[in-house]
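Enquirer: Attaching a single structure in structure tokens format; questions to follow.
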Amino acid sequence: MKLVLASKNAHKLTEMRDILSQLGVEVVLESDVGVDVDVEETGETFEENAFLKARAVMEASGLPAIADDSGLCVDAMNGGPGVYSARFGGEGLTDPERYRLLLDMMRGQLDRRCRFVSCICCCFPGGDTLTARGECEGTLAYAPKGPDGFGYDPVFFVPGMKKTFAEMSPEEKNAVSHRGAALRQFRQKLEEYLSAGGADEAKAE
């Protein structure tokens, strides 16, 4: 079975492949199937944005499409940057510029509680959809740590692991991350869906 990832983010592709490959699912990029879709993320929730992206790529490719919308929600910022995480601070900023802006805004703030949220949506050509949500609780670090990961990973500290996401191996991160939790939930739903005979056109891919 082939799913088209409604994203150009190679890091998301790697994480999805690591977990969904256990189901025999092949996750490919839009460019692998000859489409290039830019979706305006007008949703007010992660769920809405994931659906908008998955539906657009499914319609453009004619194949089942999977999208993830995720972000960092900081308690002291009333849940921000939230759905605006990827656009925090405006267009054109790099990941380090975004998280350094966040750290500057949180300077002197003792309440560092935050969570990563991931919402996944898969849209099938027949009209069916599958959704999943995962969260990971953590605290906002006072300075970036770790060479790996992407986005806000260097400033997201997981107390139980005593590491930021950027200090973890891919296996460690997948085991505790918001996207890992969402993907495991999605994998279970997809397995049940296919076992029940859903999306025959998808299984034929």
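Any read-out appearing in this document is the output of simple, stated calculations on the displayed coordinates, not a laboratory observation. Just so we're clear, the structure is a prediction, and the values are computed from it rather than from any experiment. Here the Cβ is made from the backbone with ideal geometry for all residues, glycine too, and neighbour counts use every protein chain on show.
Enquirer: Within a Cβ distance under 12 Å of S70, other residues only, what is the Lys/Arg minus Asp/Glu net charge?
Expert: -2
Enquirer: Shifting gears a bit: Which number gives the lysine pairs in the chain that have C-alpha atoms under 22 Å apart and are eight or more places apart or on different chains?
Expert: 20
Enquirer: On full extension of the chain, what length is gained from R107 through R87, given 0.36 nm per residue of separation minus the C-alpha to C-alpha distance?
Expert: Stretched fully, the R107-R87 segment lengthens by 5.1 nm.
Enquirer: Using the basic label-point model (7 angstrom from Cα toward the beta carbon), what is the M161 to L23 distance in nanometres?
Expert: That separation, rounded to one decimal, is 2.2 nm.
Enquirer: Tally Lys/Arg at +1 and Asp/Glu at -1 over every other residue whose Cβ is under 9 Å from the Cβ of K145; what's the total?
Expert: Net of charged neighbours comes to 0.
Enquirer: To continue, here is another question. With an 8 Å Cα cut-off and a minimum separation of 6 or more residues, compute the relative contact order for segment 45-88 in percent.
Expert: Result for segment 45-88 is 30 percent.
Enquirer: Given contacts defined as C-alpha pairs under 8 Å and at least six residues apart, what's the relative contact order of segment 2-125, whole-number percent?
Expert: Result for segment 2-125 is 29 percent.
Enquirer: When the Cα centres of segment 104-128 and segment 137-177 are compared, how far apart do they sit, in Å?
Expert: 15 Å
Enquirer: Taking the Cβ of M105 as the center, what net charge do the other residues with Cβ under 14 Å away carry, scoring Lys and Arg +1 and Asp and Glu -1?
Expert: Cβ neighbours under 14 Å give a net charge of 0.
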